[in-house]
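Here is the structure we will look at, set down as structure tokens.
The values are calculated or read from the model by the stated rules, or taken from the named source; none is laboratory data. Small disclaimer: the values here were computed from a predicted structure and weren't measured. Backbone-built Cβ (ideal geometry, glycine too); neighbour counts: all protein chains shown. Just so you know, the surface numbers come from the protein's heavy atoms only, side chains and all, with ligands and any DNA or RNA stripped out. Shrake-Rupley method; radii C 1.70, N 1.55, O 1.52, S 1.80 Å.
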Amino acid sequence: MLAGLGAGLLALVVAYLLGEPRVDAAIAYEDAHAAGEPAMEVVSRSLQSTAGLATGVLVYGVSLGGIAALAYCFALGRVGRFTPRATAALLSGVALLAVYVVPFLKYPANPPSVGDPETIGKRTTLYFLMMALSVLLSIAAVIVGKRLAPRLGNWYATVVAVLGFAVAVGLAFAFLPAVNEVPEDFSATLLWQFRLAALAIQLTLWASFGLLFGHLAERLLNPKPATPAAVTRETSPEATAPVH
């Protein structure tokens, strides 16, 4: 959870520098096209972009750390002969792909003013359905790869598992309904920049978590042996002599 908090701090910087300017631009577009007077803000925009953003990102980072640690305990030693640090990096990469990238490719993030308020429930359901399918298909791919490894070898078993995952995800993309509610006159550049910023935030979060958690796990699970100099200092008569 501490690693998740550290990753959340880095992601917060990226979100503030890259994401918030695009959100402001999208809100300006929405205000310019709103009929009548703008709605009264329950929470001010300045509070949303500072304390609100920090709370959301940091809580998400800590939660991510707790859940990922449980998955790490299950994966360690079961997905191959990887070191604790390599296992953390592998887990973070797979999680980024399954939890965010795959659903993002089907239902990418949209800024404010994009999307019909009446369909928000449907869009949310479809997004989480795609996320659940992606995670389940990733787990299935790992299981298939492990079972095929004794017959095909690790390389070809991995290739078959990845191809099977890609085909299954492609079928999910084909059968799940598409959602396109972008206004005709909305800036394509702004939309593209917002989506890249959203992707950069998640990439920063998962990559930094993998590095931080991997470093801590390596120190705990594979501690470095004491150096001869350190052993000599600890066992020397001067080190054990009482102080008067």
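Between residue 166 and residue 101, the contour length at 0.36 nm per residue exceeds the Cα-Cα span by 22.1 nm. Between 25, 188, 98, the GNM of the chain built on Cα springs shorter than 10 angstrom shows 188 fluctuating the most.
P(r) tail for the stretch 72-193, what percent of Cα pairs lie past 27 Å? Counting every Cα pair in the stretch 72-193, those more than 27 Å apart make up 33 percent. Of the accessible area of the chain, computed with a 1.4 Å probe over protein heavy atoms only, carbon and sulfur atoms account for 70 percent. Its alpha carbons considered, the chain gives a radius of gyration followed by a Dmax of 23.7, 85 Å. Note on the chain: GNM, Cα springs under 10 Å; of 61, 214, 93, the largest mean-square fluctuation is that of 93. Among all stretches of the chain without exposed GluC sites (Glu not before Pro) (DSSP loop, at most 14 other Cβ atoms within 10 Å), which one is longest? With GluC sites (Glu not before Pro) excluded where exposed in loops, the chain gives 42-180 as its longest stretch. Here the alpha carbons of the stretch 115-181 define both size measures, Rg and Dmax, at 15.9, 52 Å. The loop-placed trypsin sites (Lys or Arg not before Pro) in the stretch 76-109, going by DSSP, that have at most 15 neighbouring Cβ atoms within 10 Å of their Cβ come out as 78, 81. If you run the Gaussian network model on the chain, springs between alpha carbon atoms under 10 Å, then out of 42, 160, 99 the most flexible one is 42. For the stretch 48-78 versus the stretch 177-226, the spacing of their alpha-carbon centroids is 12 Å.
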